[in-house]
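Working notes for the structure below.
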Amino acid sequence: MLAHGTMTRQLWSWHRRLGHPSFGYLKILFPSLFSNNTKSIKCKTCIQEKNHRVTFPLNNNRVNSVFSLVHSDVWGPTPNFHNNQFQYFVLFVDNFSRMMWVYFLKHKSEVPNKFYAFYQMIHTQFDKKIQVLRSDNDGEFVNKSLQEFFRENGLIHQTSCPNTLQ
């Protein structure tokens, strides 16, 4: 019914149907819906969605050598990832080179084994040892077996502060 109303109604209808594109774009698609006296139309949804929070402060702190600091996080569960064979993945990022390694997981309980494999691969392939592992406070890295491994290998485990997305 909206499509049979005024030009403004039709314009609003197309704006909503097409997922809130800019009115400049709609003017290209439907020039007949715009007249010289068409005022700038303000969409409350578009205004709210285009609001941005204050950006994180710029932080260019990098370590001086590879694998002296490695960041890690576990992501998931995800639906239909690789035919439901994997639901999670763990990501390791070297702070110096920004190189990333991804390991796919069926269960979160596999994280310690994937970390052991990653640690051994770094030691064997690069003849380096990870000095600091930084992760969130989730239980994947804050558990007895990994804490014992960190202690035995002289690895420092840093956890992020709660509610600090950056």
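What the table below lists for this structure:
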| quantity | calculated |
| --- | --- |
| The lone exception for C161 - which of (1) under 19 Å from the mean Cα position of the chain (by Cα); (2) among the hydrophobic types (A, V, I, L, M, F, W, C); (3) at pLDDT 95 or above it fails | (3) |
| From S97, S135, residue being touching a His at 6+ places or on another chain (Cβ under 9 Å), of a type in the set (G, A, S) and at pLDDT 90 or above | S135 |
| Residues satisfying the stated conditions in the range 1-34, i.e. surrounded by 10 or more Cβ atoms within 10 Å (Cβ to Cβ), modelled with pLDDT under 75 and in a loop (DSSP other than H, G, I, E, B) | G5 |
| Subset of the range 85-137 (residues that are among the hydroxyl-bearing types (S, T, Y) and more than 12 Å from D73 (Cα to Cα)) | S97, S109, Y116, Y119, T124 |
| The range 76-93 - residue that is within 18 Å of the chain's Cα centre (by Cα) and exposed (fewer than 13 other Cβ atoms within 10 Å of the Cβ) and, of those, modelled with the highest pLDDT | P77 |
| Listing of strands (runs of 3 or more DSSP E) fully contained in the range 79-166 that carry 1 or more residues being more than 26 Å from S65 (Cα to Cα) and in contact (Cβ under 8 Å) with a residue 24 or more places away in the chain | 100-105 |
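The values are calculated or read from the model by the stated rules, or taken from the named source; none is laboratory data. Note that this is a predicted model, so its numbers are computed, not measured. Every residue, glycine as well, gets a Cβ built from its backbone with ideal geometry; the counts of neighbours run over all protein chains shown.
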